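This report refers to the structure that appears directly beneath it.
What follows draws every value from the coordinates through simple rules; no lab data is involved. What you see is a predicted model; the values in this text were computed from it and never measured. All Cβ positions, even for glycine, are placed from backbone atoms using ideal geometry, and neighbour counts span all protein chains on display.
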Amino acid sequence: MATTVDFIEFVCEQIRGDFAVRYKKMFGEYMVYANDKPILLVCDNCVYVKKLPQVESLLSGAETGIPYAGSKEHYILDIENSELVNSVIPVLESITPLPKKKRKTM
């Protein structure tokens, strides 16, 4: 089951706040960006957070899952828990680097 447009827009609304939020379709699913930094992976209407030491204490009780075949295990973020979302998203945004610009080949 692929992620619905309604769900990805709901996810973006939940994290908007102080961040410029957008999403991009990738391989049939979505990457969510905060201030142009890739912070969330959304697959099958489920929000995934990369397992990083900086969010380990915040997500220690969270479920985990594999967003797609061949990927590493991620935390599953309860996007409806606004208190949790408001504590996790700023950490992810602060530690995630901007993607490197790809050079155009001639």
Shape of region 1-59, Cα gyration tensor, a/c cut at 1.5: oblate
Modelled FRET efficiency - R0 41 Å, Arg103 with Asp44, Cβ distances, 0.05 increments: 0.75
Residues Ile15, Ile66, Ile79 arranged by fewest to most Cβ contacts within 10 Å: Ile66, Ile79, Ile15
Ratio of the Cα radius of gyration of the chain to 2.2 N^0.38 Å, where N counts its residues: 1.06
Sorted by Cβ neighbour density within 10 Å, fewest at the top, the residues Arg103, Arg22: Arg103, Arg22
Highest-MSF residue in the chain out of Leu58, Leu41, Leu77 [GNM, Cα springs under 10 Å]: Leu58
Charge tally in the Cβ shell below 13 Å around Tyr30, where Lys, Arg are +1 and Asp, Glu are -1, Tyr30 excluded: -1
Ranked list, fewest to most other Cβ atoms within 10 Å of each Cβ, for Val21, Val5, Val47: Val5, Val21, Val47
